[in-house]
Amino acid sequence: MSRVRIVSRPALLAATLVLGASLLAPLSPARALSLSEKTALQAAMQQHVDRQTVEGGYLFFDREAQAVNSLAPVAAHPMILTMGEHYILCFDFLDQAGEKVELDYYLARKGDGFVVFHEAIAQRDVVRAMMQAGKVKPAE
Amino acid sequence: MSFPIRRPRGLLARFLLILMPLFVALAIPGIGLLVHYSLEVDQDVLAARFGNHAGRVAAALARHDAAAVPGLAQDLLSSLAADRALVCAELRPLDGTPAQDAPVAALPPRIGCRFGEQGESLSLPVGESGRYRLLLRFSDAELREAAAVERNLALSVIALAFVIALATSALGFRFIVGRPLRLLLAAIEEATATGRRRRIRGGGRDELGRVIEAFNELQQRDVERENALRAVNRQLEESRQALRRLNADLEERVAERTAELATRTEEAEAANRAKARFLATMSHELRTPLSAIIGFAEVLGRDAVLEPARRADYLEEIAAGGRQLLGMVNDLLDMARIDGGRLQLDEQEVELGEALGASVRQVRAQAEARGLSLALQPPPAPLSVLVDPRGLRQILLKLLSNAVKFTPPGGHVEVTAGRRADGAVEIVVADDGCGIAEEQLDAVLQPFGQGGDGSRTDGWLARPHEGTGLGLPLAKALAELHGGSLSLRSSQTQGTTVLVTLPAWRLRPLEAEASALADSA
């Protein structure tokens, strides 16, 4: 009586490896950052936030409301994203109504340190879209 | 050098051989990746923490001049000491002379980061217009510890998961696959060893359940087929036995028919022999009186002057020969009529004693001529019987003629008649003559028997006495035609006794009553 083998053992192993690799591929970081560089990035964002803080309030101009709003800083996100040679860090604030406001800071390398060259208020969906498009990846 | 690879033979081993490497191939990279990202997060958290420390120090120094506020810088750095990961910190002016390049503040105080370069470091300009540079050096020991813990935990989880997966797979396999297969195998082995087929219970709806169901159906079909075969065998055996019985019956019938055929053949041969004998006998018996008639007639014709007395004797001889011929012809015709069933009895009431007396008187002269004594013992009382008078007379004359003919001179012939206890009428003619051999008793009752050897075609030559041999057969046939019988009892030393019986209903009632009354009187 002949034995019917649906999948051979080597083929099964190869399929497993291919499947694992395909699952892990989107999670692979784009570029490795050292701990010092990560700390410097976080420190640069903190300095930026502190510099723009007036009497405990982080000020920004709301274009739609045509008014200056003051936000209370809450917490910095540990995750650092890379976008080519640039980096994106996130910070959570609370507005006067106690609602959470998400700010994304875009940083660039300058000398030994880093500098914030753009901040995006409540535009996290843009970052998510760029992550899904593969333009933005988590830094290792 | 090659090592022999022992291939696992059990299904469970094969199953585990596929499952376990697959588990390892998927679980180890997966958990390793999980640990890796967990460490990444830890690292990011550490970076965020120290970034926050540096940012706060920088913000404070941006708002306050460290030179104008004594102890401010040292207080700021001392506030960082609570972080276990911090190794050391220094705040140095960027634009000062080498003497003035001494740290404005240091942690540990007055020591700072003077010794060693261990751990990660962060250096960034702080203060208004970047007058100072903040150096933070921190250890990643907690990351390594976390990595070790997570690695050990991951290995433990993998090992535990491996064991659990192994045990669960083995148990599941044994229950889901092994148990049905064992039941199936046991049933097959039992059927092979003993021929007994039993239904397997516990088949589910999965493939193995369907296999078991199919096996059960197969077994059931086998059982039904065997039962049908047994029934056919039984029928076959019954048919064989019936055929055997039929054969036995057939053989028996064949034997009977063969015997019957042999008997009929014998009878036919006997009939042929009798016919031949009859022709020979008849030729002889007819020729004798005819020769006498012709001879006497020729003498009478030749001798015209013959004496009247002699002429009368010759004429008497001619007449006697004619009568003898007529008697023979009559016997033949009667025998032929009886054989053909054409003889009709003309029944009349006849007084038996008178009929016996007339017959005795008719043969007395012949008996006396042979020197015999002839006696008649009529019935004690007159018996009226319903018979054909001519037939009864023929019976009596034939028997008496035979007795006289076959009894030597000096012998005795006796005729008796009467009723038996059962009412039948009985006539006995007995003589003390030469008798008949026992083996010829049947033959003499056949036409032309006359006690000779029936197998011989020349029997008439061996016949000691003349005659057609129709006497006894004709008497017997006439007795039977009357519903009675004729039997012989004879021996060659004591003579012959002929017994004629007429049935009781031939006796007329009135006469019977009269005879009964006479008997009682």
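The values are calculated or read from the model by the stated rules, or taken from the named source; none is laboratory data. Fair warning: this is a prediction, and the values are worked out from it, not measured in the lab. Note that each Cβ is placed from the backbone with ideal geometry, even for glycine, and that neighbours are counted across all protein chains shown. Calculation scope for accessible area: heavy atoms of the full protein, side chains included, ligands and nucleic acids excluded. Shrake-Rupley method; radii C 1.70, N 1.55, O 1.52, S 1.80 Å.
Under the condition of being under 20 Å from residue B:40 (Cα atoms) and among the acidic types (Asp, Glu), the residues counted in the stretch A:86-140 number 1. Scanning the stretch B:109-130 for residues that are surrounded by 18 or more Cβ atoms within 10 Å (Cβ to Cβ) and away from chain A (no Cβ under 13 Å) yields B:112, B:113. Considering the stretch B:43-72, and only residues there that are farther than 22 Å from residue B:120 by Cβ and in contact (Cβ under 8 Å) with a residue 40 or more places away in the chain, the residue that is nearest to the other protein chains (Cβ to nearest Cβ) turns out to be B:62. The lone criterion from (1) touching a residue at least 12 places away in the same chain (Cβ under 8 Å); (2) open to solvent by 40 Å² or more (accessible area, probe 1.4 Å); (3) of a type outside the set (S, T, N, Q); (4) not in a loop (DSSP other than H, G, I, E, B) left unmet by residue B:170 is number (2). Summed over the stretch B:48-63, residues that are open to solvent by 50 Å² or more (accessible area, probe 1.4 Å) and closer than 22 Å to residue A:32 by Cβ total 1.
Pairs meeting the criteria (first residue in the stretch B:475-500 and within 24 Å of residue B:408 (Cα to Cα), second residue among the acidic types (Asp, Glu) and in a loop (DSSP other than H, G, I, E, B), beta carbons under 9 Å, at least 6 apart or on different chains) are B:494/B:432; B:495/B:432; B:496/B:432.
Kindly indicate whether residue A:87 is within 14 Å of chain B (Cβ to nearest Cβ) and among the aromatic types (Phe, Trp, Tyr). So that I can check it myself, show each step before the final result.
On the way: within 14 Å of chain B (Cβ to nearest Cβ): yes; among the aromatic types (Phe, Trp, Tyr): yes.
Against the criterion (within 14 Å of chain B (Cβ to nearest Cβ) and among the aromatic types (Phe, Trp, Tyr)), residue A:87 qualifies.
In the set B:183, B:135, only one residue is surrounded by 12 or more Cβ atoms within 10 Å (Cβ to Cβ) and within 41 Å of the chain's Cα centre (by Cα); that residue is B:183.
For (1) surrounded by fewer than 19 Cβ atoms within 10 Å (Cβ to Cβ); (2) assigned to a loop (DSSP other than H, G, I, E, B); (3) at positive phi, each residue gets a yes or a no:
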position: B:19; (1), (2), (3): yes, no, no
position: B:22; (1), (2), (3): yes, no, no
position: B:38; (1), (2), (3): yes, no, no
position: B:46; (1), (2), (3): no, no, no
position: B:65; (1), (2), (3): yes, yes, no
position: B:74; (1), (2), (3): yes, no, no
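Contact annotation: residue pairs with Cβ atoms under 7 Å, 6 or more positions apart or on different chains, pairing a residue in the stretch B:327-344 that is more than 16 Å from residue B:397 (Cα to Cα) with a partner that is hydrophobic (A, V, I, L, M, F, W, C), are B:337/B:343; B:338/B:477; B:338/B:481; B:343/B:481. Only residues that are touching a strand residue (DSSP E or B) at 6+ places or on another chain (Cβ under 6 Å), part of a loop (DSSP other than H, G, I, E, B) and either open to solvent by less than 30 Å² (accessible area, probe 1.4 Å) or not assigned by TED's automatic domain parsing to the domain that holds residue B:369 (or both) were counted in the stretch B:412-424, giving 1.
Would you call residue A:68 more than 23 Å from the chain's Cα centre (by Cα) and more than 12 Å from chain B (Cβ to nearest Cβ)? Spell out how you get there, then give the answer.
Values: more than 23 Å from the chain's Cα centre (by Cα): yes; more than 12 Å from chain B (Cβ to nearest Cβ): yes.
So residue A:68 fits the description; yes.
Of the residues A:49, A:54, the single one that is within 13 Å of chain B (Cβ to nearest Cβ), under 25 Å from residue A:113 (Cβ atoms) and open to solvent by less than 40 Å² (accessible area, probe 1.4 Å) is A:49. Reported count of residues in the stretch B:425-434, each being of a type outside the set (A, V, I, L, M, F, W, C) and surrounded by fewer than 19 Cβ atoms within 10 Å (Cβ to Cβ), is 1.
No other residue among B:387, B:444 is under 60 Å from the mean Cα position of the chain (by Cα) and of a type in the set (A, V, I, L, M, F, W, C) apart from B:444. Considering B:444, B:413, the condition of being within 15 Å of residue B:492 (Cα to Cα) and touching a helix residue (DSSP H, G or I) at 6+ places or on another chain (Cβ under 6 Å) is satisfied by B:444 alone. Which condition from (1) buried (at least 17 other Cβ atoms within 10 Å of the Cβ); (2) more than 14 Å from chain A (Cβ to nearest Cβ); (3) of a type in the set (A, V, I, L, M) is the one that residue B:147 breaks? That leaves (2) as the condition not met.
Do we have any residue at all in the stretch A:115-135 that's within 24 Å of residue B:129 (Cα to Cα) and within 14 Å of another protein chain (Cβ to nearest Cβ)? Yes, because at least one residue in the stretch A:115-135 is within 24 Å of residue B:129 (Cα to Cα) and within 14 Å of another protein chain (Cβ to nearest Cβ).
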